[in-house]
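The values are calculated or read from the model by the stated rules, or taken from the named source; none is laboratory data. All values derive from a computational prediction rather than experimental measurement. For neighbour counting, all protein chains shown are included, and Cβ atoms are generated from backbone atoms with ideal geometry for every residue, glycine included.
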């Protein structure tokens, strides 16, 4: 059974980044502050969105059985939309809740998404480009305003997914994650994008050292990484050899059992087709059959689907 551990659906962009608000345009474009960017292939004129009906069909064509629906401030609050999606396809999806830690209603939102919607995953995107540190530069995962979230998540046995952005940026808070692990050693933590290896600057010793330090968090029994979006980093062509190189490095450091395949579609559909995103890693990362079973399904099922 293949599980995609990192993708998105959206009825439209209505989020906030450091560059300003996001808004759906047409032909796969979105407005980010004063800029227009291409976020999806320009296949139709309708305002840019990626609906679950489209995703289900794409998963069926690619042989993907289940998927984890994540969120971020770039997309905006999609909690209700994802709840409705999971209710319609409970055998295909689980969803992560979106919380803005500085929203005055954050505690009520936490209660709603966990009690009313039944979400068992919290996703925090800390990246500077599309996440919270672009909006709140001083936000710290180990700060007092977020400590209650980790306490509540641990008490409720939730999974916390932490997108920490690129190395040497404000969101890349490896030491803060280590503190959270020390405070709550049983809390399950997933770090997306394989801790964003410096694929665009592979010879940068400082960035590689920062990346390796974050990967080594996976030595803890309750920390894992997904492999989403790696083909988008740097200038790569299929089958994305630099991506494969960093996956092998991470495997040598912490083992394949700490890794989960994820695509990060729809955004990655500008780099490759969905089948290519699957095949590039499955066919070229030199995983054994046992490792393929774990990376492409079993690990994600144990973490995200068995709550």
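General observations
- Index of the failed condition, residue 14 passing every other in (1) more than 20 Å from the chain's Cα centre (by Cα); (2) in a loop (DSSP other than H, G, I, E, B): (1)
Yes or no, residue by residue, for (1) surrounded by fewer than 18 Cβ atoms within 10 Å (Cβ to Cβ); (2) at pLDDT 95 or above; (3) assigned to a loop (DSSP other than H, G, I, E, B):
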{"position": "31", "(1), (2), (3)": "yes, no, no"}
{"position": "37", "(1), (2), (3)": "yes, no, no"}
{"position": "42", "(1), (2), (3)": "yes, no, yes"}
{"position": "54", "(1), (2), (3)": "yes, yes, no"}
{"position": "73", "(1), (2), (3)": "no, no, yes"}
{"position": "87", "(1), (2), (3)": "yes, yes, no"}
{"position": "90", "(1), (2), (3)": "yes, yes, yes"}
{"position": "95", "(1), (2), (3)": "no, yes, no"}
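- From the list 199, 191, 149, the one residue that fits, being within 19 Å of the chain's Cα centre (by Cα), over 21 Å from residue 98 (Cα atoms) and modelled with pLDDT of 95 or more, is 199.
- Taking the stretch 148-167 as the range and being out of contact with any strand residue (DSSP E or B) (no Cβ under 9 Å at 6 or more places or on another chain) and over 24 Å from residue 118 (Cβ atoms) as the test, the residues that pass are 166, 167.
- Against the numbered list (1) in contact with a helix residue (DSSP H, G or I) (Cβ under 7 Å, 6 or more places away or on another chain); (2) surrounded by fewer than 19 Cβ atoms within 10 Å (Cβ to Cβ); (3) free of Cβ contacts under 8 Å to residues at least 40 places away in the same chain, residue 202 comes up short only at (3).
- Restricting the stretch 1-29 to residues that are in contact with a helix residue (DSSP H, G or I) (Cβ under 8 Å, 6 or more places away or on another chain) and farther than 30 Å from residue 302 by Cβ, the residue that is surrounded by the fewest Cβ atoms within 10 Å (Cβ to Cβ): 19
- Selection within the stretch 81-104 - farther than 23 Å from residue 140 by Cα and either touching a residue at least 24 places away in the same chain (Cβ under 8 Å) or touching a strand residue (DSSP E or B) at 6+ places or on another chain (Cβ under 7 Å) (or both): 81, 82, 83, 85, 86, 88, 89, 91, 92, 93, 94, 95
- Inclusion of residue 185 among residues that are in a loop (DSSP other than H, G, I, E, B), within 22 Å of residue 303 (Cβ to Cβ) and modelled with pLDDT of 95 or more is warranted.
- Residue within the stretch 238-245 that is over 19 Å from the mean Cα position of the chain (by Cα) and within 29 Å of residue 178 (Cα to Cα) present: yes
- Checking 161, 169 one by one, the residue that is buried (at least 23 other Cβ atoms within 10 Å of the Cβ), in contact with a helix residue (DSSP H, G or I) (Cβ under 9 Å, 6 or more places away or on another chain) and in contact (Cβ under 8 Å) with a residue 40 or more places away in the chain is 161 and no other.
- Extreme residue, surrounded by the fewest Cβ atoms within 10 Å (Cβ to Cβ), among residues of the stretch 118-146 that are more than 14 Å from residue 100 (Cα to Cα) and under 19 Å from the mean Cα position of the chain (by Cα): 129
- Total residues in the stretch 253-295 satisfying the condition of being surrounded by 15 or more Cβ atoms within 10 Å (Cβ to Cβ), assigned to a loop (DSSP other than H, G, I, E, B) and out of contact with any strand residue (DSSP E or B) (no Cβ under 7 Å at 6 or more places or on another chain): the figure is 5.
Condition check ((1) in contact with a helix residue (DSSP H, G or I) (Cβ under 7 Å, 6 or more places away or on another chain); (2) buried (at least 22 other Cβ atoms within 10 Å of the Cβ)) across all residues:
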position: 192; (1), (2): no, yes
position: 209; (1), (2): no, no
position: 223; (1), (2): yes, yes
position: 239; (1), (2): yes, no
position: 297; (1), (2): no, no
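- Some residue of the stretch 209-229 being more than 22 Å from residue 160 (Cα to Cα) and in a loop (DSSP other than H, G, I, E, B): no
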